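Data block below; observations after.
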Amino acid sequence: MSTSVDLTTMATEVMVGFDAPIQAVWDLLTNVERMAGLGPEHFRARWLTPGPALGARFEGWNRIGENEWDVVCVVTECRPPEFIEWNVGVGPLPSSTWSYLLTSDGESSTRVTQRFRHGPGRSGVSNAIEKYPERASRIVEHRSRELHTNMTSTLEAAARLLYDVGDSSGPV
């Protein structure tokens, strides 16, 4: 098994449909405080500068098991209400880049594609590979699967939240 892994190729994406207009979906997805806690890993966030906007910064707190960490993120592209991208980490070597692409499927539905791309900076994955180089492929495979599952879970929870708010017969 190869112990050398190019983490810049580590990426995943998920797509989830929302029964809500694009502006409502945009407003929720870019509300970092509200999105925190909808999924299993990201549990708290706050804008450090007014956002969402190009160059805006927010801080996010994450947890996996007993491990907790916080990161500062920088919005690198912002085209309301269709696209937002942010780097995790400040400076030229982010640990990852994330984005939401929103596509209107009519007046009352929106398709959201969330993407994750590793690197080129250091991360928990690169630290784990450095510590256990013989497990590199398994570490990347496990984390990629975990990210895919968590991203799907978070977007599905966000879609339910918007559906419940918009449906007067459903729970709020």
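The values are calculated or read from the model by the stated rules, or taken from the named source; none is laboratory data. Just so we're clear, the structure is a prediction, and the values are computed from it rather than from any experiment. Note: ideal-geometry Cβ built from the backbone for every residue, glycine included; neighbour counts use all protein chains shown.
Which of the residues belonging to the range 1-58 are over 23 Å from V74 (Cβ atoms) and aromatic (F, W, Y)?
In the first step, residues of the range 1-58 are kept if they are over 23 Å from V74 (Cβ atoms); the result is 1-6, 15-24, 40.
F18 - this is the single residue of the range 1-58 that is over 23 Å from V74 (Cβ atoms) and aromatic (F, W, Y).
Select from the range 29-41 the residues that are buried (at least 19 other Cβ atoms within 10 Å of the Cβ), touching a strand residue (DSSP E or B) at 6+ places or on another chain (Cβ under 9 Å) and in contact (Cβ under 8 Å) with a residue 40 or more places away in the chain and write down the one among them that is farthest from T152 (Cα to Cα).
Only one residue fits best here, namely T30.
Which one of these does L102 not meet: (1) modelled with pLDDT of 95 or more; (2) buried (at least 19 other Cβ atoms within 10 Å of the Cβ); (3) under 29 Å from D6 (Cβ atoms); (4) not hydroxyl-bearing (S, T, Y)?
All conditions pass for L102, except number (3).
So is V112 closer than 25 Å to F18 by Cα and crowded, with 19+ Cβ neighbours inside 10 Å or not?
Taking the combined requirement at face value, the residue satisfies it.
Say we look at the range 49-108 and pick out the residues that are over 16 Å from the mean Cα position of the chain (by Cα) and among the hydroxyl-bearing types (S, T, Y); which of these is nearest to T154 (Cα to Cα)?
Top of the filtered list is T103.
Please tell me if V25 is within 20 Å of S109 (Cβ to Cβ), surrounded by 14 or more Cβ atoms within 10 Å (Cβ to Cβ), aliphatic (A, V, I, L, M) and in contact with a Phe, Trp or Tyr (Cβ under 6 Å, 6 or more places away or on another chain).
Criteria met by V25.
Taking the range 42-63 as the region of interest, how many residues are closer than 26 Å to S104 by Cβ, of a type in the set (F, W, Y) and touching a residue at least 24 places away in the same chain (Cβ under 8 Å)?
Going through the range 42-63 one residue at a time, the tally reaches 1.
For the range 121-134, give me each residue that is surrounded by 15 or more Cβ atoms within 10 Å (Cβ to Cβ) and more than 18 Å from D70 (Cα to Cα).
Residue satisfying the conditions is I129 alone.
Give all pairs with beta carbons closer than 9 Å in which a residue from the range 1-20 that is at negative phi and charged (D, E, K, R) meets a residue that is buried (at least 19 other Cβ atoms within 10 Å of the Cβ) and at pLDDT below 95; count only pairs at least 6 apart in sequence or on separate chains.
D6/G119; D19/L162
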